[in-house]
Amino acid sequence: MQTSTIKFSQIEDRIDAEYYKPEYLILNSKFKIQNSKFLNDLSQIITKGETPLWRGDVYVSKGIPFLRVVNFVNEELDLSDIVYIPEFVHERMKRSQLK
């Protein structure tokens, strides 16, 4: 069993203990320092995305950056392995577009 203590002034809109686990508090402070945005601030509806490959499209060397799960590493965005899709594929894939 793990216990932790926080100051009353640190309590936000939540009272569930899981939210205040030390590793989550550290992660939350990283987000605030880096002026991070939540995914729901970048997209209208997040259900599941769409991949261009299932329609027979291919990635291209230049075009619209296409984020995949592999681009999210250790709670950060890793663009070292970013792929690109053509503009017409991006226009067709409305559910996968960020704001």
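Highest GNM mean-square fluctuation, the chain, Cα pairs closer than 10 Å: which of Ile33, Ile64, Ile85?
Ile33
In the chain, how many lysine pairs have Cα atoms under 25 Å apart, counting only pairs 8 or more places apart or on different chains?
16
Report the paramagnetic label zone for Asp41: residues of segment 77-99 whose backbone N is under 18 Å from a point 7 Å from Cα along the Cα-to-Cβ axis.
Inside the label zone: 77-78, 98-99.
Per 0.36 nm of contour for each residue apart, how much would the distance between Tyr24 and Val69 grow if the chain were fully extended, relative to their Cα-Cα spacing?
Here the segment from Tyr24 to Val69 would lengthen by 14.1 nm.
Are there GluC sites (Glu not before Pro) in the chain that DSSP puts in a loop and that have at most 15 other Cβ atoms within 10 Å, and which ones?
Passing sites in the chain are Glu12, Glu50, Glu75.
Extension gain Thr5-Phe88, at 0.36 nm per residue separation less the Cα-Cα distance, in nm?
Stretched fully, the Thr5-Phe88 segment lengthens by 24.6 nm.
For segment 4-84, run through the trypsin sites (Lys or Arg not before Pro) and keep only the ones in DSSP coil with at most 16 other Cβ atoms within 10 Å of their Cβ.
Sites meeting the loop and neighbour criteria: Lys7, Arg14, Lys37, Lys48, Lys62, Arg68.
For a quick check: with amide H placed at 1.01 Å from N, whose amide H comes under 5 Å from Ile64's, ignoring anything fewer than 5 positions away on the same chain?
For Ile64, the qualifying residues are Ile85, Glu87.
All of the numbers you see were taken from the coordinates with simple rules; none came from a lab. What you see is a predicted model; the values in this text were computed from it and never measured. Neighbour counts run over all protein chains shown; Cβ positions are idealised from the backbone, glycine included.
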